[in-house]
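One structure below.
The values are calculated or read from the model by the stated rules, or taken from the named source; none is laboratory data. Predicted model, so just to flag it, every value in this text is computed and none were measured. Glycine gets a Cβ as well: all are built from the backbone with ideal geometry, and neighbour counts include every protein chain shown.
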Amino acid sequence: MIPFLDLKSLNAQYRNELIEACTKVIDSGWYVQGNECNEFEKEFAQYCGTKYAVGVANGLDALILILRAYKELGFINNGDEVIVPSNTYIASILAISQNDLVPVLVEPDLNTYLIDSNKIEEKITSKTKAIMPVHLYGQTCDMDKINEIAKKYNLKVIEDSAQAHGAYYKDKRAGNLGDASGFSFYPGKNLGALGDGGAVTTNDEELSDIIRALGNYGSHKKYENLYKGVNSRLDEIQSAMLNVKLRYLDNEIEKRREIANYYLNNIKNDKLILPNVRKDDNHVWHLFVIRTDKRDELQKYLLDNNIQTLIHYPIAPHKQDAYKEWCNDKYLVSEQIHKEVLSLPISGVQNLEQTEKLVEVINNYE
Ligand SMILES: *Cc1c(COP(=O)(O)O)cnc(C)c1O
């Protein structure tokens, strides 16, 4: 079987270093808000090219806390609107709802699966306060256009970079392409902890201070609470795991690019549509997503040939029961994407033999 993602082998590459890092934390007697998290925040900010990074409990919290901080600053108020792609993982949209804000869905571009920057402006109203581009599958969005629109209408740009650690847009990396960015370190992400984790990156010192306080019961100083905060912190064990794995992130991305390029150059089957890449370094291949109108048949064929695939995602956000208010709305591009996409296995531990086998099997599909 070629697994979709073999997390066990992936982490086994760093087994000794991970165990050593874990032991260090256990023996330190210090488990939250310590040196490991401080070091990770410094290193991750540097990696992204931003001035600040704040560790939080997970990617959803990162996005929730960015919006919450803009509310504390008085820039956004309950009932205001945030523009978000109709084709994304539900967490992007939940972060908006959780803040009593209104998600306004914009259709993706069928070629890139990313928010269609030409369809944003028509959705802007007097209540619009932010745009949340999602660098879906690992490719950065059309940021020049998005930032230009944001500037024109005085909107904040909040990147959802949960799938795009290390991806470039021109000479800057995801996390440094807007006003603030949310990252996830869920185990399956390109930079994954061994549990949940997340971070916010930004160049805005005031915003980063507020987010840090919000994630710590609303407190900048012990027992003094400025905000009605929450508990959302990146603990020392997960920070230590991430300190090890961050050193290998570029290597992981490089291996993914090799597999992706092999797929792009060698998959030849006119029933399938391969992903479009703007520029090699714009995509970190969190997912390699192909499209076909007979998706379910293809998935079954691949499984019968011992190849595991997944669907990202099977149900469009506006079709989810959690968002019944949208059940009669039509987002046709997004619906087509959700019906047709299939994610092929890709990761730093997939070997050439497996990649070649997959290409052979998929080229024989009729
Ligand atoms: C994974 C993911 C999130 C949420 O991150 P968690 O750490 O799982 O909370 C948000 N947005 C996107 C696009 C994601 O892929």
Residue match in the stretch 274-289 (condition: assigned to a loop (DSSP other than H, G, I, E, B) and without any contact (Cβ under 8 Å) to a residue 40 or more places away in the chain): yes
Test for residue 334: is it modelled with pLDDT of 95 or more, surrounded by 16 or more Cβ atoms within 10 Å (Cβ to Cβ), of a type in the set (Ser, Thr, Tyr) and not in a helix (DSSP H, G or I): no
Check on residue 94, within 13 Å of the ligand (Cβ to nearest atom), in contact with a Ser or Thr (Cβ under 7 Å, 6 or more places away or on another chain) and assigned to a helix (DSSP H, G or I): no
Cross-chain or 6+ apart pairs with Cβ under 6 Å, the stretch 39-64 first and acidic (Asp, Glu), then not in a helix (DSSP H, G or I): 41/53; 41/55; 61/198; 61/232
Conditions (1) over 20 Å from residue 283 (Cβ atoms); (2) within 13 Å of the ligand (Cβ to nearest atom): number failed by residue 121: (2)
Selection count where residues are more than 16 Å from the ligand (Cβ to nearest atom) and either outside the structural domain of residue 134 (by the TED database) or within 12 Å of residue 49 (Cβ to Cβ) (or both), scope the stretch 144-174: 6
Pair list, Cβ < 7 Å and 6+ apart or interchain, from the stretch 1-16 residues that are in contact (Cβ under 8 Å) with a residue 40 or more places away in the chain to residues that are in a strand (DSSP E or B): 2/307; 4/310
Restricting the stretch 218-271 to residues that are small (Gly, Ala, Ser) and closer than 30 Å to residue 72 by Cα, the residue that is surrounded by the fewest Cβ atoms within 10 Å (Cβ to Cβ): 219
Tally of residues being free of Cβ contacts under 8 Å to residues at least 12 places away in the same chain and among the hydroxyl-bearing types (Ser, Thr, Tyr) across the stretch 225-269: 0
Which listed residue is surrounded by fewer than 17 Cβ atoms within 10 Å (Cβ to Cβ) and within 15 Å of the ligand (Cβ to nearest atom), from 195, 215, 178: 195
Residue tally, condition surrounded by fewer than 21 Cβ atoms within 10 Å (Cβ to Cβ) and on the phi > 0 side of the Ramachandran plot, over the stretch 272-317: 1
Boolean, residue 31 is at pLDDT 95 or above, of a type in the set (Phe, Trp, Tyr) and either surrounded by 16 or more Cβ atoms within 10 Å (Cβ to Cβ) or within 16 Å of the ligand (Cβ to nearest atom) (or both): no
All positions within the stretch 36-80 that are more than 16 Å from the ligand (Cβ to nearest atom), crowded, with 20+ Cβ neighbours inside 10 Å and either part of a loop (DSSP other than H, G, I, E, B) or not assigned by the TED database to the domain that holds residue 204 (or both): 50, 76, 80
Those residues of the stretch 220-238 which are within 16 Å of the ligand (Cβ to nearest atom) and either in a loop (DSSP other than H, G, I, E, B) or at positive phi (or both), in sequence order: 230, 232, 233, 234, 235
Residue within the stretch 7-17 that is among the aromatic types (Phe, Trp, Tyr), assigned by the TED database to the domain that holds residue 198 and within 16 Å of the ligand (Cβ to nearest atom) present: no
Enumeration of residues in the stretch 181-191 that are more than 9 Å from the ligand (Cβ to nearest atom) and either within 11 Å of the chain's Cα centre (by Cα) or within 18 Å of residue 113 (Cβ to Cβ) (or both): 181, 190, 191
